[in-house]
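Take a look at the structure below.
Just so you know, all these numbers are worked out from the coordinates, no wet-lab data involved. Remember, it's a predicted structure, so these values are computed and weren't measured experimentally. Please note: Cβ atoms are built from the backbone with ideal geometry, for glycine as well, and neighbour counts cover all protein chains shown.
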Amino acid sequence: MKLIVPKEIVDGESRVGITPDSVPALKKMGFDVFVESKAGLSASFTDDDYKKNGAKISSKISDLYKNAFVVVKIQRPQITKKNNEVKNLKKCNLLTLVYEQKFKSEFSALKKLDINVFALEKMPRISRAQSMDVLSSQSNLSGYKAVIDAASKFNKAFPLMMTSAGTVAPAKVLVIGAGVAGLQAIATAKRLGAVVSAFDVRSATKEQVESLGAKFVSVESNESGETSGGYAKEMSKSYKNKQAKLLGDTLKKMDIVITTALIPGKKAPILITKKMMDGMKVGSIIFDLASEFGGNCEVTKHNETVEYKSVNVVGPQNLAATVSQDSSRLFSKNVLNFLMNSCESGRFKNFNFSDELVKDTCVINNIKRGK
Ligand code: NAD
């Protein structure tokens, strides 16, 4: 059973879907692993690393895709003037990040093929699936990298320093949205010595924020910010007004603001307006991790840094790819665990469609019984 790993072709995508350390386990499950030559190089994994772990290297795309049963990619297959990755797919099971609502034309091209597609971003957020959850593994690293990048852009040090030439005050960091990325951002900013505050509409996050040594900024309200599934919901107008007043006052004291607030299936809520930014310190930084989904700040532009009244607003693109060695390894482990979930006595025969993880992620099911 052939499992293949093509090289990613999207600009700035330096991750790879399967890393060499996962190959022995895949072989044990019954897969023959074929990797496109140099597929792992931008994540620091050489062809030799793959070969040593039992994978075969393909230099020709047609050889790589021939008789492939499982295709593992980070980015959905691309149709560009130079490349058409969709036409390579024949009677195979594609495991990738799909985002069908956002990339409608690519999704309809895939729907016409005799293939199955598993959208890894649709993995249910339940305990059993935690080890397969690519959103969490990648968001965690993005939260870390957001703080590192913001710190390197900032013209002040993070920790308190008592020196013979005087005292350096610690940086003040506010994290808005204490989900997976936000909690890692809090932990990273704390490690660097900043004084950290955080805010979230879900009251359950208060304890998590405080356990990381940060201060929880709370809105006085009886309104619950949580759905029965544990996700954030859109808040009432009166809550939003109270939140805006509280955030406006808090922002005046901050040096760096990391925003990560998302509501599943919706545009990111605007939490920082131009008016609030008027009161912010000169040279402060807003690092908007929600930029891909519209941003939490009124002036955010995805993949750009905007300066508004001496505040720099960064809208980063694909932060996980800037730590590609670790993000690839975690993505690969997530995929490995997902395949393992369909194994019987340690061997993979086909995807187990009676399992909810397989059912929920399978967004195109044109070859139900495999080949
Ligand atoms: P997310 O990326 O959807 O959102 C980020 C954060 O933004 C969330 O904490 C959310 O509450 C917050 N937010 C939304 N609107 C806001 C607003 N107006 N103001 C302030 N904050 C706002 O979240 P996520 O990181 O994917 O995690 C969401 C939940 O899912 C968490 O409870 C997390 O523990 C849970 N989770 C469970 C699993 C699992 O069991 N497999 C895996 C990952 C996450």
field: Environment charge of Y144, counting only residues whose C-beta is closer than 13 Å and scoring Lys/Arg +1, Asp/Glu -1
entry: +1
- prompt: Tell me, R76, R329, R128, R15 in order of fewest to most beta-carbon neighbours within 10 Å?
  reply: R128, R329, R76, R15
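Given axes a ≥ b ≥ c from the Cα gyration tensor, I'd like to know whether region 125-170 is rounded (a/c under 1.5), prolate (a/b larger than b/c) or oblate.
Because a/c hits 1.5 or more and a/b exceeds b/c, region 125-170 counts as prolate.
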- line: The long-range amide H neighbours of F287, using H built 1.01 Å from N in the peptide plane and a cut-off of under 5 Å, are V257, I258, T259, V314
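Over region 95-242, what is the relative contact order in percent, taking alpha-carbon pairs closer than 8 angstrom and at least six residues apart?
RCO, region 95-242: 14 percent.
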- line: Yeah, region 271-353 with a ≥ b ≥ c from its alpha-carbon gyration tensor (a/c under 1.5 is rounded, else prolate when a/b outruns b/c, oblate otherwise) is prolate
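Find the relative contact order for the chain and round it to a whole percent, using C-alpha pairs within less than 8 Å whose residues are 6+ positions apart.
For the chain, the relative contact order is 18 percent.
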message: At 0.692 mPa s and 37 °C, plugging the Kirkwood radius over alpha-carbon pairs of region 1-55 into Stokes-Einstein gives what diffusion coefficient in µm²/s?
response: 294
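Rounded, prolate or oblate: which one fits the chain, using the alpha carbon gyration tensor with axes a ≥ b ≥ c (rounded when a/c is under 1.5, else prolate when a/b beats b/c, else oblate)?
Because a/c hits 1.5 or more and a/b exceeds b/c, the chain counts as prolate.
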statement: The local net charge around L64, scoring Lys/Arg +1 and Asp/Glu -1 for residues other than L64 whose Cβ lies under 14 Å from its Cβ, equals +3
task: For the chain, build the charge dipole from Cβ charges (+1 Lys, Arg; -1 Asp, Glu) around the Cα centre, then report which of I148, S164, S327 sits farthest towards its positive end.
output: S327
- request: For the chain, give the magnitude of the charge dipole about the Cα centre (Cβ charges: +1 Lys/Arg, -1 Asp/Glu; no others), in debye to the nearest 20.
  value: 760
statement: Taking every other residue with Cβ under 15 Å from the Cβ of G40 and scoring Lys and Arg +1, Asp and Glu -1, one gets +1
